[in-house]
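Asker: Below are the C-alpha cells for one structure; questions will follow.
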Amino acid sequence: MLSLAAISAGYGSFQALFGVSLEVARGEAIGVIGPNGAGKTTLMRVISGIIPMREGAMTLDGRSIGGLPAHRVVEQGIAHVPENRRLFPRLSVEENLRIGAFLPAARTRFSEQLDWVYSLFPRLRDRRTQLAGTMSGGEQQMCAIARALMSRPKVLLMDEPSAGLAPIVVHQVFDLVRRIRAEGLTVLIVEQNVQQVLDVVDRAYLLEVGTIKLSGTAAELKDNSLIRTAYMGL
C-alpha cells in the first residue's frame with residue numbers, strides 16, 4: 001500500500017536519512033523504533049510532504065506521491081499525527097476536529113465522520129466545547145488522533161504518540177491504537193517506547209543514524225538480543 005524505496009532527506013547541508021526503504025501493507029500496523037536523533041520524525045515529515053526527499057521513490061497504492069506538497073499528500077489519503085500534538089489550543093475540541101475535515105470529500109460527510117470519531121473517543125464528545133489547550137496531555141493526544149481521522153485517511157502516521165505522557169496515560173494511548181487497528185485502519189507509528197509499540201504492531205523497523213539497521217515481525221524484534229539489551233533494558 002505505502003512503499004518507500006531508498007529515501008534520502010535532510011535539512012540544508014545536514015542529511016538525516018540515507019537510503020531508507022520500507023513497506024506498509026493495507027491493514028497493517030508498522031512500527032519504526034530507534035533512539036533520539038535517528039531520523040524517525042524526519043521520515044514521517046518526508047512521507048507527509050512537510051519536507052522534500054532528496055532521492056528515492058515513494059508510492060501509495062502504486063501511485064507516486066514523492067514530491068507532492070503536504071496538502072496534496074493528505075488528499076491522497078495520508079494523515080499525520082505530529083509529535084507534540086500541534087493542536088489549536090484556543091479553539092474548541094470540535095473546532096479542531098472540523099479543521100481535520102477540511103478536504104471537500106471529508107466535509108460532505110462531516111457529521112457521519114464526527115459521530116464515528118466520537119464513538120472511538122467518547123471523552124472528546126464530553127469535551128467538545130472545551131478549549132483544546134485546557135485539556136490534559138492524554139486528552140490532547142486523543143484530540144490530535146481524532147483530528148487526523150476526520151480526513152478519512154487510508155494511512156495514519158503517528159509520531160511519538162506517548163511522548164511527554166504519564167505511564168498510565170501511555171497505556172491508554174496504546175489501547176487507543178489497538179481500537180483504531182480494530183477498525184481496519186493502516187497505521188505507521190514512530191515511537192521510542194519500544195516495549196509498548198511492539199505489543200501493538202505487526203512488524204517493525206529499527207532506524208539508527210538515518211538508516212534501517214533491522215526489520216522483522218514484532219515477535220522477532222522482541223526476541224532480538226540487540227533490541228532487548230539496547231532498547232528494552234532486558
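FYI, it's all coordinate maths here, none of it is from the lab. Keep in mind that what you see is a predicted model, and the values were worked out from it rather than measured. In this analysis, Cβ positions are derived from the backbone assuming ideal geometry, glycine residues included, and neighbour counts consider all displayed protein chains.
Asker: Kindly put ASP159, ASP175 in sequence by how many other C-beta atoms sit within 10 Å of each C-beta, fewest to most.
Answerer: Numbers: ASP159 24, ASP175 11.
Ascending number of Cβ neighbours within 10 Å: ASP175, ASP159.
Asker: Now for a separate question. Which part of region 38-75 falls in the paramagnetic zone of GLN15, meaning amide N under 12 Å from the point 7 Å along Cα-to-beta-carbon?
Answerer: Taking a point 7 Å out along Cα→Cβ of GLN15, the residues of region 38-75 whose backbone N falls under 12 Å are 54-56.
Asker: Could you work out the mean projected area of the convex hull around the alpha carbons of region 1-100, in square nanometres to one decimal? Display every interim value, and only then the final one.
Answerer: Working: hull surface 29.6 nm².
Quarter of the Cα hull surface area: 7.4 nm².
Asker: Calculate the FRET efficiency for ALA25 and LEU91 from the Cβ-Cβ distance with a Förster distance of 35 Å, rounded to the nearest 0.05.
Answerer: Numbers: r = 36 Å, r/R0 = 1.02.
E(calc), rounded to 0.05, equals 0.45.
Asker: Let me ask something additional. Amide H of ALA29: which non-local residues (sequence gap of 5 or more, or other chain) have their own amide H closer than 5 Å, using H built in the peptide plane?
Answerer: So ALA29 has HN proximity to VAL187, ASP202, ARG203.
Asker: Percent relative contact order of region 2-230, based on C-alpha pairs within less than 8 angstrom and at least six residues apart?
Answerer: Details: 436 pairs, mean separation 64.7, N = 229.
Result for region 2-230 is 28 percent.
Asker: Per-residue counts of other Cβ atoms within 10 Å, averaged by peptide: what ranking do you get for 137-144, 197-204, 89-96, 124-131, highest first?
Answerer: Numbers: 137-144: 22.5, 197-204: 20.9, 89-96: 17.5, 124-131: 15.8.
Descending packing order for the listed peptides: 137-144, 197-204, 89-96, 124-131.
Asker: Going by amide H atoms built from the backbone, whose H comes under 5 Å of the H on HIS80, apart from near neighbours?
Answerer: Under 5 Å from the amide H of HIS80 lie the amide H atoms of LEU157, each far enough along the sequence or on another chain.
Asker: If amide hydrogens are placed 1.01 Å from N in the peptide plane, which non-local residues have theirs closer than 5 Å to the one on ILE65?
Answerer: Here the answer is MET58, THR59, LEU60, since their amide H atoms fall under 5 Å of that of ILE65.
Asker: Per residue of region 44-50, what does 6.51 cos²θ - 1.76 cosθ + 1.60 with θ = phi - 60° give for ³J(HN,Hα)? Whole Hz please, x for Gly and Pro, Karplus curve as stated.
Answerer: Once θ is set to phi - 60°, the couplings for region 44-50 become 5, 5, 5, 4, 8, x, 6 Hz.
Asker: Hey, what number do you get for the chain at 222 nm if only DSSP H runs of n ≥ 4 count, each worth -39500 (n - 2.57), divided across all residues, to the nearest 500?
Answerer: Values: 11 runs with 89 residues, N = 234.
The helix-only estimate for the chain comes to -10500 deg cm²/dmol at 222 nm.
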